[in-house]
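Computed from the coordinates by the stated procedures, all read-outs in this text should not be read as laboratory data. This one's a predicted model, so the numbers in the text were calculated from it and none came from an experiment. Counting neighbours? That spans all protein chains shown, and the Cβs are built from the backbone with ideal geometry, glycine included.
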């Protein structure tokens with residue numbers, strides 16, 4: 001089995017002096033001017049261990065990708081991507097070479113910045129007389145009362161959603177102007193107003209950070225978390241899906 | 001990687017520190033994919049994994065039907081007895097879903113599917 005960390009340019013560059021997952025040494029497999037950085041697993045069941053969703057493994061994967069990012073352009077591969085052998089990896093490099101080159105050019109000298117915003121949507125969660133409450137006493141209440149309670153809940157949820165979309169839009173627009181690509185989700189959870197990632201030119205990071213500070217001042221009731229720079233995980237997702245393909249089981 | 005536990009983010013990665021990272025960690029934990037990309041095929045976990053998938057799809061259909069009914073109520077196209085009948089049906093379905101969730105040890109927030117860039121199914 002072979003565990004994959006990233007696809008990179010500059011195949012001639014030396015690998016970081018870091019151990020791979022499970023202590024296995026890092027290896028680089030080159031196809032033309034791209035390289036895949038991986039580590040070999042030998043023990044039976046190693047794929048299960050390697051992809052074990054433990055924080056220490058995730059951070060080790062991340063440390064390797066970031067070390068690579070320090071001196072080359074990187075297409076990070078999702079944590080837990082395991083291929084059958086070097087031949088399988090080579091065939092992926094060959095088949096997707098053009099796509100890898102295009103992606104490497106796109107993310108060259110760019111980093112991913114992550115933004116999360118929390119809000120307090122007070123009063124948006126129905127409490128007294130909700131459909132669930134009514135259903136708990138359903139032997140005593142009518143189906144009509146249940147449907148009307150559900151209707152009220154839906155109307156409240158819709159109003160909450162609209163308010164969230166408006167707020168999120170006001171936050172997103174100035175940040176999107178500083179990015180070349182972005183992805184976002186509104187209200188992934190009731191308190192997580194915005195969860196977004198931005199692909200930003202490395203030299204614009206300081207401006208982006210300043211804009212986040214401005215937004216924090218402009219929206220004092222919201223709480224902003226901005227982290228980075230990260231490898232561009234959210235901007236190579238299609239390639240990642242192809243990598244997973246049929247090769248990781 | 002940007003979805004990992006916010007409380008463990010190294011300081012040099014914090015471009016804007018909101019003070020209380022635990023609140024973010026809690027929300028991001030909830031935002032994680034409730035269902036894995038693949039069904040766990042080990043004999044002990046497979047029944048629960050399949051139940052989770054099936055109940056998620058039933059819950060999706062239940063919500064779709066319920067929302068359609070609510071739109072018709074809003075539009076005034078349902079008679080009182082029809083609203084009553086629909087309400088009774090949805091109440092029974094709700095109760096039955098709660099029973100099934102209890103049997104398989106599932107919580108409401110576990111019944112969902114991550115559709116990637118489209119967000120969660122429910």
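For the residues A:37, A:117, A:107, what sequence is obtained by ranking on other C-beta atoms within 10 Å, fewest first?
Values: A:37 24, A:117 27, A:107 21.
Result, fewest neighbours first: A:107, A:37, A:117.
How do A:160, B:16 rank when sorted from fewest to most other Cβ atoms within 10 Å of their own Cβ?
A:160, B:16
Give the value in nm², to one decimal: projected area of the alpha carbon convex hull of the range B:43-118, averaged over all directions.
6.4
Shielding of A:214-226 by partners, i.e. mean partner chain Cβ atoms within 10 Å per residue? It would help to have the intermediate numbers written out before the result.
Values: counts 0, 1, 2, 0, 0, 0, 0, 0, 1, 6, 5, 15, 6.
If you average over the peptide's residues, the count of other-chain Cβ atoms is 3.
Using a 10 Å cut-off around each Cβ of peptide A:107-118, what is the average number of partner chain Cβ atoms that fall inside?
Mean shielding by partner chains, rounded to a whole number: 3.
Once you order the gyration tensor axes a ≥ b ≥ c over the Cα atoms, which shape class does the range A:144-211 get: rounded for a/c under 1.5, otherwise prolate or oblate by comparing a/b with b/c? Could you put the intermediate results ahead of the total?
Numbers: a/c = 4.58, a/b = 3.79, b/c = 1.21.
Prolate.
Which order results if B:104, A:224 are arranged by neighbouring Cβ count within 10 Å, fewest first? If you can, show how the numbers build up before the last one.
On the way: B:104 15, A:224 21.
So the ranking, lowest neighbour count to highest, is B:104, A:224.
Within a 10 angstrom radius of each residue's Cβ in B:12-22, how many Cβ atoms of other chains show up on average? Whole number is fine.
The per-residue average across the peptide is 6.
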